[in-house]
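Before any comments, here is the structure.
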Amino acid sequence: MPLGLAAAAGPIPPKEPLIEVVVTLKTRDQGAFIGRLHEAIPRARVRWRYRIVLNGMAVLAPADQARRIAGLPGVAEVYPSVRYHQSLYQSPAIIGAQQLWGPGLATAGQGIKIGIIDDGIDRNHPFFSPAGFVMPPGFPKGDRSYTTAKVIVARAFPPPGLKYRYAKLPFDPVESEHGTHVAGIAAGDYGTTAPGPRGRPVQVSGIAPRAYLGNYRVLTIPTAQFGLDGNSPEIVAGIEAAVRDGMNVINLSLGEPEITPSRDIVVQAIDGAARAGVVPVIAAGNDFDVLGYGSIDSPGSAPDAITVAAATKGGAIAGFSSGGPTPYSLRFKPDVSAPGVSILSSVPVHLGSWSFFDGTSMASPHVAGAAALLRERHPTWTVTQIKSALVLTGNPLHARGSEVPPTREGGGMIWLPRADQPLVFASPTSFSLGYLRRGRAVQRRVTLADAGGGAGPWSVSLQRMVSGGGVTVSAPGSVSVPGSVILRAQASPRAAAADSDGFVVLTRAGQTRRIPYWLHVSARALGRERHTVLRRPGTYRGNTRRGRSIVSSYRFPSGASSLGLRAHLFGPEQVFRLIIRGRVANAGARVLSEAPGVSVSPRLVRAGDEDRLTGYPGLPLRLNPYEPNFYGIEPVVGVFRPTPSAYDLVFDTGSRRVAGAFTFRYWVNDTTPPSVRLLTRTVRAGAPLRLTVRDRGSGVDPTSMLARVDRRDRRVLLGANGRVEIPVGRLTPGRHSLLFVVADYQETKNTEDESKTLPNTRRYSTTFVIR
């Protein structure tokens, strides 16, 4: 450009300063978004990329470009940078815990025992100094070499046959991390020095700093991606031991997709602990930004548990925190919220001693510590009364300037000064109205009792958060305590298929108590669709062009758009019905082939009801955390430990344009891994190894195949009719070793709810000879 033109334009304006924002995405293709970002805003720079706790990135851009970034394709939300001050690292103040500690920490958890059911506690960490503690009568218990006057129980629960060298220890010196962080939040010692912002020392405390800790290590299985995991039998054993040992509160910051509640032994154990007088506190899960509403984990689905959502310390709910209802049993959850973002707590010394973690795993021990404080201060309160005190007295949480629905926050962020004087107890602690059919009405009763100073008349009003069209929710204008409140909901014949939720608000003399409610109007349009009954497992043909476009969405979970899984399918669907008789381990189906241009997406639901997915397995996702591509899209759906009933296998489409012919495989009770046979044990130099791989159940999953020859990974080539070739290159003559691993499609649905890890995976070890 000629210099004269630049001069004629006047002085060059100063560049806008760059600000930092966090951009979350709807799609997992971060590279494509970065390309669009640089094209639209050349000055923009990506500072951090998030792939685990968030799907997004921190971006530096001119201050006036935030709105433009929000409008780029694939953007879910743009969050401003928020500075957290030093005082906010002390999360006990966020929930008012210090106001209950009393003079000289007299009521800071004295004598109360919190069982941490997790991956082990580093008893030697300074956050758990035994100074000033006296071992209570009857303790220590378990492995005494791992106990102190603060950590008074140390037990490990490895699964049978696990040969990992640290599996039987209450603390793994290599892999244990999570439990130490969780324990510090719940009951770390008062006034412990930790490195704070920019390395400056700060004083930190657990929520119940004078409480004892019980260490129940149920997570003992090392994994490549997820640290230490554990299976349900060992988790139940840990719960059983904690109750037997006399713990007052237990915390489980762990979870799995919900299955049929009557066949979920961990849920049953949690409710059993509550009946035995132990307060169970459980993390809600971290799947909202992946699966939306209906993403509550098990055992957080347990009715008697206090299930905890995660919030920021400023009160913007954490985007990852799972939302209710429970996906399979349709219960109202979560119950409460607590801080779960940027939480400073202890980690084992070899990992740096202190770290900031995010997750409902961090929110849950805040509530466990809170329950310990209430239990000490009110020893006659029952488990249900402690839960009620926390639920009814919470503070509202907000997002984008408005309070979030109770299916995200429960009763809100716990606030202990109010929970300590709840005035009234509610049983149950929420109005969970479930599904409401069009043209029908439903009502639920909550009983109110005097908690001290709450007897007499209260005004009753409704705080509606989400209100579906054609739904009327009503309650009486007043109630006298002790007494009961009846909430009634009615749906018109043309009511919208949508959620309605909010709070029943009790008010008296400036005091307010809130009881959350939730319902969903269910259209159940799938019952009008023709269906074909599948009489036996096998391979079948289908054609969605023969179906009608009656159903476009399924729940719960409600959506998974961030994974690339379509939340709405507006094309025609075809329905096949399967009847489960007796107690079976699993059932499912997989799309095997599609005609050119055809794209079908399967779902598995209770018969005739698109609003009753079989939980997470009813979506076409990989759910096994031990396999590659966790939460990846896979056209496989299923049900785990189903109740005997009729189920509908629905093959849906995004539009009529992609409807057409396909084939699928249907199986029941697949508990056997594929079979493997080496065709010849003597191979000439340069020739590949040849094997046959077969599976009579769900079918061989080719993505699961792994081959190692003499401990070196080799390619696996697929042929027809179950034939597999493994090129071995120019090996020296003589004997060599082969490890071949293969799984079936049922394995993509298996989780820790199974009796063992990877039950549908075959590990075939043998030798062969090069001549």
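The values are calculated or read from the model by the stated rules, or taken from the named source; none is laboratory data. Keep in mind that this is a model prediction, so the values were computed, not measured. Note that we place each Cβ from the backbone using ideal geometry, even for glycine, and neighbour counts take in every protein chain shown. These accessible areas exclude ligands, DNA and RNA; they are computed on the full protein's heavy atoms, side chains included. Shrake-Rupley method; radii C 1.70, N 1.55, O 1.52, S 1.80 Å.
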So for the stretch 317-325 (the condition being touching an Asp or Glu at 6+ places or on another chain (Cβ under 9 Å), surrounded by fewer than 24 Cβ atoms within 10 Å (Cβ to Cβ), under 19 Å from VAL22 (Cα atoms) and not aromatic (Phe, Trp, Tyr)), does at least one residue qualify? yes
Across the stretch 466-481, the tally of residues that are in contact with a Gly (Cβ under 9 Å, 6 or more places away or on another chain) and either part of a loop (DSSP other than H, G, I, E, B) or modelled with pLDDT of 95 or more (or both) stands at 4
Looking only at the stretch 537-586, and only at residues there that are out of contact with any Asp or Glu (no Cβ under 9 Å at 6 or more places or on another chain) and in a helix (DSSP H, G or I), the one that is modelled with the lowest pLDDT: SER561
Since GLY10 meets every condition but one in (1) open to solvent by less than 40 Å² (accessible area, probe 1.4 Å); (2) farther than 30 Å from PHE133 by Cβ; (3) modelled with pLDDT of 80 or more, which condition does it not meet? (3)
Report the residue count in the stretch 35-62 for those that are open to solvent by less than 30 Å² (accessible area, probe 1.4 Å) and either in a helix (DSSP H, G or I) or among the polar types (S, T, N, Q) (or both). 3
Could you list, in sequence order, all residues of the stretch 647-667 that are farther than 20 Å from ILE550 by Cα and not charged (D, E, K, R)? THR663, PHE664, TYR666, TRP667
Answer yes if at least one residue in the stretch 94-113 is within 30 Å of VAL266 (Cβ to Cβ), open to solvent by less than 50 Å² (accessible area, probe 1.4 Å), at pLDDT below 95 and not in a loop (DSSP other than H, G, I, E, B), and no otherwise. yes
Being open to solvent by less than 40 Å² (accessible area, probe 1.4 Å), modelled with pLDDT under 90 and either out of contact with any Asp or Glu (no Cβ under 6 Å at 6 or more places or on another chain) or of a type in the set (Asp, Glu) (or both), is that true of even one residue in the stretch 241-257? yes
Of all residues in the stretch 196-227, how many are in contact with a Gly (Cβ under 9 Å, 6 or more places away or on another chain) and either more than 21 Å from THR147 (Cα to Cα) or open to solvent by less than 10 Å² (accessible area, probe 1.4 Å) (or both)? 16
All strands (runs of 3 or more DSSP E) inside the stretch 597-668 with 2 or more residues being surrounded by fewer than 20 Cβ atoms within 10 Å (Cβ to Cβ): 645-652, 661-668
Restricting to the stretch 505-536, name every residue that is within 26 Å of ASP297 (Cα to Cα) and modelled with pLDDT of 95 or more. ARG514, ILE515, PRO516, TYR517, TRP518, LEU519, HIS520, VAL521
How many of the residues making up the stretch 675-696 are of a type in the set (Ser, Thr, Tyr) and assigned to a loop (DSSP other than H, G, I, E, B)? 1
Just one of the numbered conditions (1) within 28 Å of the chain's Cα centre (by Cα); (2) more than 30 Å from SER593 (Cα to Cα) is not true of ARG681; which one? (1)
State all residues of the stretch 294-316 that are at pLDDT 95 or above and open to solvent by 10 Å² or more (accessible area, probe 1.4 Å); if no residue qualifies, say none. PRO303, ASP304
Looking for something more than 18 Å from LYS756 (Cα to Cα) and of a type outside the set (Phe, Trp, Tyr) - is there at least one such residue anywhere in the stretch 229-240? yes
Here are some residues: ARG445, ARG438. Which one is surrounded by fewer than 16 Cβ atoms within 10 Å (Cβ to Cβ) and out of contact with any helix residue (DSSP H, G or I) (no Cβ under 9 Å at 6 or more places or on another chain)? ARG445
What tally of residues in the stretch 47-75 results from selecting those that are of a type in the set (Gly, Ala, Ser) and touching a helix residue (DSSP H, G or I) at 6+ places or on another chain (Cβ under 7 Å)? 2
Of all residues in the stretch 679-703 being within 21 Å of ASN624 (Cα to Cα) and among the β-branched types (Val, Ile, Thr), which is modelled with the highest pLDDT? VAL700
Within the stretch 267-276, can you find the residues that are over 22 Å from SER337 (Cα atoms) and either aliphatic (A, V, I, L, M) or open to solvent by 30 Å² or more (accessible area, probe 1.4 Å) (or both)? GLN268, ALA269, ARG275, ALA276
